[in-house]
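None of the figures in this text is laboratory data; all of them are computed from the coordinates on show. Computed from a predicted structure; not experimentally measured. All Cβ positions, glycine included, derive from the backbone under ideal geometry; neighbour counts span all protein chains shown.
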Amino acid sequence: MSYYESKDVRKFGKISDWQKTLGDKFFSWYGEVFKSSALSAKEKSIIALAVSHAVQCPYCIDAYTEDALKKGYTEEQMMEAVHVAGAIRGGATMVHGVQMMNKAQKLSM
């Protein structure tokens, strides 16, 4: 058994059960975010897939893998999006090395 159960993603809508007002507001906003506007719903799907990997949400990864496939993305395009997320996440780690370098230089003076 895994800590994350894939079937639990289907329970997402139940978050309103314990706090209806806020849950309803969240889902209203969430629905608006994923509608086509300046970005198409298809473009938003691949962004969501990449972000899902960056924030490491297994439920989101499952949901947006399925969504991206339904919207016509290829496996190669999806993996490339994951690589973009990995590069940004890795770069964010490495750029913080500058903070370490600055601190070390100050302490060495």
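Within the range 85-96, restricting attention to residues that are in a helix (DSSP H, G or I) and of a type outside the set (A, V, I, L, M), the residue that is nearest to I46 (Cα to Cα) is G86.
The listed residues are A68, A38, A85, and the only one of them that is surrounded by fewer than 11 Cβ atoms within 10 Å (Cβ to Cβ) and among the hydrophobic types (A, V, I, L, M, F, W, C) turns out to be A38. Scanning the range 6-35 for residues that are surrounded by 12 or more Cβ atoms within 10 Å (Cβ to Cβ) and either among the aromatic types (F, W, Y) or touching a Gly at 6+ places or on another chain (Cβ under 8 Å) (or both) turns up F12, I15, S16, F26, F27, F34.
Taking the numbered list (1) in a loop (DSSP other than H, G, I, E, B); (2) in contact with a helix residue (DSSP H, G or I) (Cβ under 6 Å, 6 or more places away or on another chain) in turn, V82 passes all entries but (1).
Please determine whether any residue of the range 57-73 is part of a helix (DSSP H, G or I) and in contact with a Cys (Cβ under 7 Å, 6 or more places away or on another chain). No, that holds for no residue.
Kindly check whether there is at least one residue in the range 41-51 that is in a loop (DSSP other than H, G, I, E, B), surrounded by fewer than 15 Cβ atoms within 10 Å (Cβ to Cβ), touching a Lys or Arg at 6+ places or on another chain (Cβ under 8 Å) and among the small types (G, A, S). No: zero hits.
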